[in-house]
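**Q** Mind looking over this structure? Questions follow.
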Amino acid sequence: MNLRRSLVAIVALAALAGCNKDKDVEPPAELVDIESTLAVEKIWSEGIGGGGEKLRLTLGVAGEGATVYVASRDGEVLALDAANGRTQWKSKTGLDLSSGPGIGLGLVVVGSSDGDVVALDAASGKQRWKVRVLGELLSPALVDRDKVVIRTAEGRLVALSSVDGKQLWAVEDLVPRLSLRGTATPVAAGDAVISGFDSGKVMSLTHGTGEVLWQVQVSTARGRTELERLADVDSAVRVSGSDVYAVGYQGRVAMLALDTGQIWWARDVSSYRGLAIDDDQIYVSSSNGEVIALRRRDGGVVWTQSGLKQRGLSTPAIAGQAVIVGDFEGYLHFLDRATGKFVAREHPGGARIAAQPLVLGDRVFVVDEAGKVVAYRIGGPARG
């Protein structure tokens, strides 16, 4: 791990947490009782081990069909039955895992703090290949067509062969001296790969060769101090049809043209977690803990939920008519997509939920920083 990157990331996180004795810091919002109007049923839970709490690692949960995949800081990767949580296989990598899992092409890909990339067989957990790249890995890999594409904390976007891990191409962007602890997950869009960078840029590259198609400054560094000039785009963009949606820290949420990167509209919103989209709206977890719904066509504000301010929210997920976010105390909040009102709340465990919940049909899977995985079934009105 690059020591400089690690230290400045910790400094930035401390500042964001409000460790400035010269200023009054707004405390986290106290949760108020709500009337549950959405049925949320716990199906199962499983402990996989944590160890990444102090490092603010966002090892998440990935899945498709009947299987979900999870990974722990101490190097274990598990495939769990989505219906009952039973372990289908377990693989011990022997690494300090810090990213993943990323899935696709019959692979489960995880990464380490030392830059190790490991590809496991999705059916058996057997290791297919292992390579090392320059830089810590903090976000899941994109596994698409014949490539595994990763973003490193050193500002590089690297494409590896899905067959043997051989490097196929790499692109590098300037990393500011101070940046947030996190990297954006690359996203596939037709023949392009799109990713955000710590400089505040969003870049689109050809999937085949890594040639830059366009780059746009979504979040611009402003202010006199290095903290004021943080402008990272650390969350995955969202692509729908010919449109790309991106958001940056201390910057903007913007709608871009997929083919050219032209900005169609932009609105000042700061986020280091990210956004979710449906057919009509964008949902953003802002840096100060507000959940904001915007119209996709023009960025107009539909609603703002301020009841979770300063609670360190996760990236939103969409399930049915609900928007779901986790918080720093391990609560899972369900908001109505149309109004932003609270419709349910669950408390899977006591540790921070930093990773975006996974939605498969009517089921929601969440993992906290202590390594507790919980599955819920949602739907219909709450039972009185």
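**Q** With θ taken as phi - 60° and the coefficients 6.51, -1.76 and 1.60, list the Karplus ³J(HN,Hα) couplings across the range 266-280 in order, rounded to whole Hz; mark glycine and proline as x.
**A** Result, rounded to whole Hz: 8, 9, 5, 8, 9, 8, 10, 9, x, 9, 10, 9, 10, 5, 10.
**Q** Between Ala119, Ala83, Ala71, which gets the highest mean-square fluctuation from a Gaussian network model of the chain, Cα cutoff 10 Å?
**A** Judging by the Gaussian network model, the answer is Ala83.
**Q** Still on this structure, I have one more. Net charge within 12 Å of Val269 by Cβ-Cβ distance, Lys/Arg positive one each and Asp/Glu negative one each, not counting Val269 itself?
**A** Every neighbour counted, the sum reads +1.
**Q** Something else: Report relative contact order for the chain in percent, whole number only (criteria: Cα-Cα under 8 Å, sequence separation at least 6).
**A** With pairs under 8 Å counted, the relative contact order is 15 percent.
**Q** So, one more: Which residue, chosen from Ser195, Val109, Pro176, occupies the Cα position most advanced towards the positive end of the dipole of the range 103-216, where the dipole is computed from +1 (Lys, Arg) and -1 (Asp, Glu) charges on Cβ about the Cα centre?
**A** Of the candidates, Val109 comes out farthest on the positive side.
**Q** May I pose another question? Take every Cα pair under 8 Å in the range 45-127 that's 6+ residues apart, average their separations, divide by the length, and report that relative contact order as a whole percent.
**A** About 22 percent, as a whole number.
**Q** Set Lys and Arg Cβ to +1 and Asp and Glu Cβ to -1, take the dipole of the range 242-384 about its Cα centre, and tell me which of Tyr283, Tyr245, Gly340 lies farthest positive.
**A** Gly340
**Q** Another question about this same structure. Residue separation times 0.36 nm, minus the C-alpha to C-alpha distance between Asp191 and Ile34: what's the value?
**A** 51.9 nm
**Q** When the chain is treated as a GNM, springs tying every alpha-carbon pair under 10 Å, which of Ser98, Ser113, Ser271 comes out with the largest mean-square fluctuation?
**A** Ser113
**Q** Determine the distance separating the Cα centre of the range 111-185 from the Cα centre of the range 298-319; give it in Å without decimals.
**A** 30 Å
**Q** What's the local net charge at Leu107, with K and R +1, D and E -1, over the other residues with C-beta under 9 Å away?
**A** 0
**Q** Still on this model: Got a sec? Charge dipole of the chain, +1 on Cβ for Lys and Arg, -1 for Asp and Glu; which of Ala236, Val133, Val70 is way out at the positive end?
**A** Positive-most Cα among the choices belongs to Val133.
**Q** Now for a separate question. Say we join alpha carbon atoms closer than 10 Å with springs in a Gaussian network model of the chain; which of Ile353, Ile34, Ile150 then has the biggest fluctuation?
**A** Judging by the Gaussian network model, the answer is Ile34.
**Q** Can you check what the net charge comes to around Ile48, using other residues whose Cβ is under 11 Å from the Cβ of Ile48 (Lys, Arg +1; Asp, Glu -1)?
**A** -1
**Q** Let me ask something additional. List the GluC sites (Glu not before Pro) within the range 178-245 that fall in a DSSP loop (any state other than H, G, I, E or B) and whose Cβ has at most 12 other Cβ atoms within 10 Å.
**A** Glu211, Glu228
**Q** Step through the residues of the range 170-176 one at a time and calculate ³J(HN,Hα) from phi using the Karplus curve (6.51 cos²θ - 1.76 cosθ + 1.60, θ = phi - 60°), rounding each to whole Hz and writing x for Gly and Pro.
**A** So the Karplus estimates, Gly and Pro as x, are 8, 10, 10, 10, 5, 9, x Hz.
**Q** Same structure, new question: Pairs Lys42/Lys201; Lys42/Lys130; Lys166/Lys372; Lys126/Lys147; Lys126/Lys372: which exceed 29 Å Cα-Cα?
**A** Lys42/Lys201; Lys42/Lys130; Lys166/Lys372
**Q** Output wanted: per-residue J couplings in Hz (rounded whole) for the range 120-130, from phi through Karplus 6.51 cos²θ - 1.76 cosθ + 1.60, θ = phi - 60°, x for Gly and Pro.
**A** 10, 6, 5, 7, 10, x, 5, 5, 8, 7, 8
**Q** Rounded, prolate or oblate: which fits the chain when a ≥ b ≥ c are the square roots of the eigenvalues of the alpha-carbon gyration tensor, with rounded for a/c under 1.5 and prolate only if a/b beats b/c?
**A** Note, shape of the chain comes out rounded.
**Q** Sequence-distant or interchain residues sharing an amide H contact under 5 Å with Ala122, placed H: which?
**A** It is Leu107, Val108, by chain and number.
**Q** Specify whether the C-alpha gyration tensor of the range 175-298 places it in the rounded, prolate or oblate class, a ≥ b ≥ c being the square roots of the eigenvalues: rounded for a/c under 1.5, otherwise prolate if a/b is larger than b/c and oblate if not.
**A** Oblate, since a/c reaches 1.5 and b/c is not below a/b.
**Q** Between His347 and Asp121, what's the calculated FRET efficiency when r is the beta-carbon distance and R0 is 35 Å? Round to 0.05.
**A** The formula returns an efficiency of 0.50 here.
Values quoted throughout were computed directly from the atomic coordinates according to the rules given, and no laboratory measurement underlies them. Since the model is a prediction, treat every value here as computed from it, not as a measurement. Cβ coordinates were reconstructed from backbone atoms using ideal geometry, including for glycine residues, and neighbour counts include every protein chain displayed.
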